Each structure stands twice: as structure tokens, then as C-alpha cells.
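The values are calculated or read from the model by the stated rules, or taken from the named source; none is laboratory data. This one's a predicted model, so the numbers in the text were calculated from it and none came from an experiment. Virtual Cβ from ideal backbone geometry, glycine too; neighbours counted across all protein chains shown. Just so you know, the surface numbers come from the protein's heavy atoms only, side chains and all, with ligands and any DNA or RNA stripped out. Shrake-Rupley method; radii C 1.70, N 1.55, O 1.52, S 1.80 Å.
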Amino acid sequence: MKKVAIVGVGQMGSAIMEGLFRTKKYDLIGENPVNPRVDQLAEQFNFKLVHSMTDLANLKPDFIILTTPAKITSAVLKDLPATSSATIISAAAGISMAELDQILPEAKIARIIPNTPVAINAGTIATYLPEDLDETSKTAIKELLADLGDVIEVKEEQLSIAGTIGGCGPAFVDVFLDALADAGVLNGLKRDQANQIAASMVKGAATLALETKTAPALLRDQVCSPGGTTIKGVASLEKNGLRHAVIDAVNAANEN
Ligand SMILES: NC(=O)C1=CN([C@@H]2O[C@H](COP(=O)(O)OP(=O)(O)OC[C@H]3O[C@@H](n4cnc5c(N)ncnc54)[C@H](O)[C@@H]3O)[C@@H](O)[C@H]2O)C=CC1
Ligand SMILES: O=C(O)[C@@H]1CCC=N1
């Protein structure tokens with residue numbers, strides 16, 4: 001059984017922990033400052049909890065996934081004893097491979113921007129694997145990540161935008177889902193049912209786009225009957241600038 005350690009068991013770290021726990025394929029370790037919330041997660045997802053990088057290294061993990069706040073990730077990595085031979089996977093947005101390489105020049109390192117649906121093995125994981133990484137390590141990293149969702153390989157300079165769409169995207173979709181549900185409640189649906197209809201619809205629309213590989217613009221046309229109700233709604237979305245609002249949101253999130 002491969003040993004996987006997650007450093008920083010917060011929102012992202014616990015989502016990865018849950019996704020890996022669900023596979024029942026890994027021996028899991030968490031490293032986090034003392035926190036009752038994380039104690040509870042350790043019981044829930046059956047991982048060994050440690051509070052220092054030295055204790056973590058002593059457990060000899062095969063992989064270390066970094067999900068610490070980006071600003072402190074370099075400092076956390078500097079505390080990893082040089083004896084560790086773990087493959088490092090950094091999920092810290094904005095911390096470059098050059099910076100990571102400088103701290104651990106001998107280590108095998110990959111960068112990812114995952115998203116919260118990894119918790120149910122339905123993540124979108126923008127992944128940068130350096131060209132000089134050996135094929136065996138590349139394969140091992142991709143196999144691990146594939147257990148959490150779709151692995152989308154990109155160049156390092158594309159990781160930020162790919163990660164913004166995939167990683168921040170769930171929050172943007174959640175705003176859209178909440179607005180749809182509001183409209184349902186405004187028109188008399190119960191909140192639970194409105195939430196269910198909105199989420200089910202987005203799941204189905206996304207699955208149709210993925211499975212048919214049809215461009216969203218063409219799928220939209222299939223719904224818009226000539227002179228029908230949907231085109232009136234689409235025209236209203238365009239009048240109110242939804243398209244621009246979405247592009248602007250991605251650009252704002254991608255500035256760092
Ligand atoms: N939340 C998300 O959807 C995504 C987050 N990320 C990245 O994941 C990282 C964490 O983000 P969140 O989970 O949202 O933040 P968070 O604040 O929920 O989690 C951070 C965790 O790190 C722990 N921590 C703080 N200092 C530590 C230290 N010295 N050693 C070990 N653990 C320490 C905190 O106690 C907390 O459990 C960031 O680098 C972010 O860029 C990337 C993609 C998506
Ligand atoms: O909000 C953030 O900074 C992180 C990075 C991508 C998603 N969440």
C-alpha cells in the first residue's frame with residue numbers, strides 16, 4: 001500500500017484526504033498544527049496525524065501533497081528532513097517549480113491545482129510535470145491523481161489559468177447554482193427542491209458536454225427552440241452581461 005501524506009489538512013487537504021480515503025488504496029498520513037478539527041478528520045478518514053515535518057519524514061511516505069497556505073508553503077518544505085525520498089506534489093497556487101526546486105534540488109516534484117470535487121473522486125486537477133522528471137515518477141503521480149479525478153496536464157505557464165478555471169470554478173458554479181435556486185424559490189419551489197433541480201441540471205449539462213465532446217455553443221443551440229422560451233432567457237443573460245461577468249471573474253482570480 002502506497003503511503004500518502006497530506007501537509008495542511010484544511011479545505012483542500014481534507015478534500016484530497018477524503019477522496020483518497022474513499023479509494024481504500026492508500027495508507028494515509030496528515031500533518032497539521034494541533035487543531036481539534038483535524039483530530040476529528042483523522043478519525044473520520046482513518047489517517048495517522050503528526051504535527052511536524054520530522055515526524056512525517058520518519059513515517060517514510062511515498063508521496064507528500066502540500067496543501068498549506070501558499071505563503072508559508074516554502075517555509076514548510078524547508079522543514080522536511082533531507083533524508084526524505086518522497087515525491088512532492090505541491091498544490092500551493094503561485095509557488096513556482098523554480099522556487100520548489102531551490103528548496104529541494106534532489107526531490108521529484110510536481111505542481112497541481114486541484115479542486116474540491118476531489119473529495120468525491122470527481123476533481124479536475126491541472127497538473128504540471130517537469131520535462132526532466134523520469135517516466136516512472138510521472139506515471140506514479142498521474143496514477144495517484146487519477147484516483148481523485150480528471151488529470152489535465154499543462155505547461156507550467158498555463159497552470160495558473162487552468163487552475164483558476166478548474167480550481168476556483170466550483171465557487172463560481174456554486175454562485176450560479178444558488179442564483180438558479182433563488183429564482184426557483186421566488187417562483188414557489190421549496191429551497192431543497194430548487195437546489196436539487198439546479199445541481200442535477202448542471203451535472204447533466206456538463207456530462208453531456210463531456211461525453212459528446214460538443215461545443216457548449218452548439219449544445220445551447222439545441223435547447224433554444226426558434227421563438228421559444230430559452231432564447232428569451234439567453235438574450236436576457238447576454239443583456240445583463242453574464243458572459244463578460246464570467247470572463248472578468250476568471251481574469252480577476254487569475255491575477256496574482
Ligand atoms: N480550497 C481550494 O479549493 C483550493 C486550494 N488550493 C491550495 O491549497 C492550499 C490550502 O488552501 P485551503 O485548503 O483553501 O486553505 P485552508 O486555510 O483551509 O487550509 C490550510 C491548512 O494548512 C494548515 N497549516 C497552517 N500552517 C501550517 C504549517 N506550518 N504546517 C502544516 N499545516 C499548516 C492549516 O491549519 C489548515 O488546516 C493553498 O495553497 C491553496 O492555493 C489549490 C486549489 C484549490
Ligand atoms: O482561492 C484560492 O486561493 C485557492 C486557489 C484555487 C482555489 N482556491
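A compact table of results
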quantity: Given (1) more than 16 Å from ligand 2 (Cβ to nearest atom); (2) crowded, with 18+ Cβ neighbours inside 10 Å; (3) of a type outside the set (V, I, T), index of the condition S14 fails; calculated: (1)
quantity: Condition check for V250: open to solvent by 70 Å² or more (accessible area, probe 1.4 Å), within 16 Å of ligand 1 (Cβ to nearest atom) and not assigned by TED's automatic domain parsing to the domain that holds I112; calculated: no
quantity: Qualifying residue in segment 164-183 (condition: within 16 Å of ligand 1 (Cβ to nearest atom) and open to solvent by 90 Å² or more (accessible area, probe 1.4 Å)); calculated: yes
quantity: Residue that is surrounded by the fewest Cβ atoms within 10 Å (Cβ to Cβ) [pool: residues in segment 17-26 that are within 14 Å of ligand 1 (Cβ to nearest atom) and either touching a residue at least 60 places away in the same chain (Cβ under 8 Å) or hydroxyl-bearing (S, T, Y) (or both)]; calculated: E18
quantity: Residues that are aliphatic (A, V, I, L, M) and in contact with a helix residue (DSSP H, G or I) (Cβ under 6 Å, 6 or more places away or on another chain), drawn from segment 183-198; calculated: V185, A194, A198
quantity: Of the criteria (1) open to solvent by 40 Å² or more (accessible area, probe 1.4 Å); (2) within 16 Å of ligand 2 (Cβ to nearest atom), which one I113 fails; calculated: (1)
quantity: Leading residue by the ranking (surrounded by the most Cβ atoms within 10 Å (Cβ to Cβ)) among those in segment 61-74 that are more than 16 Å from ligand 2 (Cβ to nearest atom) and assigned to a loop (DSSP other than H, G, I, E, B); calculated: P61
quantity: Pairs, first more than 17 Å from G94 (Cβ to Cβ) in segment 163-182, second open to solvent by less than 50 Å² (accessible area, probe 1.4 Å) and outside any helix (DSSP H, G or I), C-beta under 6 Å, six or more apart; calculated: P170/N115
quantity: Residue in segment 197-205 that is within 16 Å of ligand 1 (Cβ to nearest atom) and more than 15 Å from P117 (Cα to Cα) present; calculated: no
quantity: A86 away from ligand 2 (no atom under 16 Å from the Cβ), under 15 Å from T127 (Cβ atoms), of a type outside the set (S, T, Y) and buried (at least 16 other Cβ atoms within 10 Å of the Cβ); calculated: no
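Table: residues versus (1) more than 15 Å from S90 (Cα to Cα); (2) part of a helix (DSSP H, G or I); (3) touching an Asp or Glu at 6+ places or on another chain (Cβ under 8 Å); (4) open to solvent by 40 Å² or more (accessible area, probe 1.4 Å).
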site: K3; (1), (2), (3), (4): yes, no, yes, yes
site: I6; (1), (2), (3), (4): no, no, yes, no
site: V9; (1), (2), (3), (4): no, no, yes, no
site: L28; (1), (2), (3), (4): yes, no, no, no
site: P33; (1), (2), (3), (4): yes, no, no, yes
site: D39; (1), (2), (3), (4): yes, yes, no, yes
site: A42; (1), (2), (3), (4): yes, yes, no, no
site: D55; (1), (2), (3), (4): yes, yes, yes, yes
